[in-house]
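The values are calculated or read from the model by the stated rules, or taken from the named source; none is laboratory data. The structure presented is a predicted model; accordingly, all values stated were derived computationally and were not measured. Note that we place each Cβ from the backbone using ideal geometry, even for glycine, and neighbour counts take in every protein chain shown. Surface accessibility is based on the protein's heavy atoms, side chains included, excluding ligands, DNA and RNA. Shrake-Rupley method; radii C 1.70, N 1.55, O 1.52, S 1.80 Å.
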Amino acid sequence: MVTVDARPAPYTFDLPSTALLVIDMQRDFLEPGGFGESLGNDVGQLRRTIAPLAALLADARAAGLTVIHTREGHLPDLSDCPPAKLRRGAPSRRIGDPGPNGRILVRGEYGHDIVDEVAPRPGEPVVDKPGKGAFHATDLDALLVARGVRSLLVTGVTTEVCVHTTVREANDRGYECLVLADCVGSYFPEFHRVGLDMIAAQGGIFGWVADSTSVRAALPTASLPRSSS
Ligand code: TIU
């Protein structure tokens, strides 16, 4: 068993029943010309997540932890995109429109794929999801059950949208979630801060929050020094 400093209390997990979940680290959210920017966001806000997540991925892989990636997006004919989602807001480009990285939020397009720095390795499942939550209309739950996973180390973007929705879904399915504050990001610093507070409040109503350095120091393959506590 591994125990890491977290709020509201230390988080204990064992490696075989834990997965590192990397949510929607796609060019569509992190690079100019994609879905995130089309909504009026400064995509630069999310880029601070890349370096700590890449370091965590390296240590998690070395420790043999299950790593699962997700991508938000739609079939080329948009048949899995609810009209309400397609119509929402007044974006500069809508889902399915052509952009500099291909059609916005459409599977198979360059912009839909994961940024190079945290790209999936062969054998790591990539779950394509049409919604904000990673459990909605996907086989994520079956995939976790098949691997005996009960505990999720949650990373990715954005904190208050796809990360929060997924953590809430995971809770209702009986998973424990440790959200890694430096590996999740929002276009809105205030939403990021409050989103994390909402997870850890009320005795950990949705889960636990920690920095990735705490997890990396606790892994058996630690490339960071273990804390003395
Ligand atoms: N807009 C926003 O903050 N997020 C999303 O639309 N999707 C995800 O969070 N992945």
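Checking each residue in segment 166-181 for being touching a Lys or Arg at 6+ places or on another chain (Cβ under 9 Å) and open to solvent by 50 Å² or more (accessible area, probe 1.4 Å) picks out only Glu176. Any residue that is modelled with pLDDT of 95 or more and more than 21 Å from Arg47 (Cβ to Cβ) - is there at least one of those in segment 109-119? No, because not a single residue in segment 109-119 is modelled with pLDDT of 95 or more and more than 21 Å from Arg47 (Cβ to Cβ).
Entry remark, segment 130-162: residues being part of a loop (DSSP other than H, G, I, E, B), closer than 27 Å to Ser214 by Cβ, away from the ligand (no atom under 16 Å from the Cβ) and open to solvent by 10 Å² or more (accessible area, probe 1.4 Å) number 2 in total.
Here is a yes/no grid of residues against (1) of a type in the set (Val, Ile, Thr); (2) within 14 Å of the ligand (Cβ to nearest atom); (3) within 14 Å of the chain's Cα centre (by Cα):
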position: Pro32; (1), (2), (3): no, no, no
position: Gly36; (1), (2), (3): no, yes, no
position: Asn41; (1), (2), (3): no, yes, no
position: Leu46; (1), (2), (3): no, yes, yes
position: Ala51; (1), (2), (3): no, no, no
position: Ala55; (1), (2), (3): no, no, no
position: Ala58; (1), (2), (3): no, no, no
position: Val67; (1), (2), (3): yes, no, yes
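Number of residues in segment 48-103 that are open to solvent by less than 30 Å² (accessible area, probe 1.4 Å), outside any loop (DSSP other than H, G, I, E, B) and more than 24 Å from Thr221 (Cβ to Cβ) equals 5. Look through Val184, Val215, Val127 and report the one residue that is buried (at least 21 other Cβ atoms within 10 Å of the Cβ), part of a strand (DSSP E or B) and at pLDDT 95 or above. After ruling out the rest, the residue left standing is Val184.
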